[in-house]
């Protein structure tokens, strides 16, 4: 017989660590590069991130607080999503540091860049996938009572997509070949997608 731990979030979880992001996991990482109105480069990872529409391709990330990424995107209307891989994990983690707006996180993490074609923010040279995005919406989130939260959902349309052709096999993108990393729960958990964890399951009908 299952013994359930039940809690109402408003009353606290009564556990050593909030389990929310450990249960909804692993999650893809929104490694977002942007440029300020003054031309300062920024790159930061967001664990609340995903693709949310096929046509047009829309991606979204949620920021706790009006951080540099959100401010830059609000000012310029542009950003790039860079795929975080196992080889880039430590550099990605370095860009999570809380630093003043004038600090260039690409330099901080010793990341080489490549120019984008349609937007100003650069992309991570070693990342096998990058989406050049134009801002569509910034939404301030609310709770069920309509109270505004210090949380902002940024949605962008991918207007240009770069794929390292080594990730393609007979024209089909090979997800595990890039060794993408995903955010788990707790203070430090990550997961890597590998070919060994892959299985197939066709939709019925």
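Brief remarks follow.
- Filtered residue count, segment 84-113, keeping only those that are within 20 Å of residue 181 (Cα to Cα), in a loop (DSSP other than H, G, I, E, B) and touching a helix residue (DSSP H, G or I) at 6+ places or on another chain (Cβ under 6 Å): 4
- Filter result for residue 138 (in contact with a strand residue (DSSP E or B) (Cβ under 8 Å, 6 or more places away or on another chain), within 23 Å of residue 60 (Cα to Cα) and either surrounded by fewer than 18 Cβ atoms within 10 Å (Cβ to Cβ) or at pLDDT below 95 (or both)): yes
- Pairing each residue of segment 181-200 that is within 17 Å of residue 20 (Cβ to Cβ) with any residue that is modelled with pLDDT under 95 and loosely packed, with under 12 Cβ neighbours inside 10 Å, provided the two are 6+ apart or on different chains, yields C-beta distances under 8 Å for 185/17; 185/20; 185/23; 186/17; 187/17.
- Of all residues in segment 45-67 being touching a strand residue (DSSP E or B) at 6+ places or on another chain (Cβ under 8 Å) and part of a loop (DSSP other than H, G, I, E, B), the one that is surrounded by the most Cβ atoms within 10 Å (Cβ to Cβ): 47
The values are calculated or read from the model by the stated rules, or taken from the named source; none is laboratory data. Keep in mind that this is a model prediction, so the values were computed, not measured. Neighbour counts run over all protein chains shown; Cβ positions are idealised from the backbone, glycine included.
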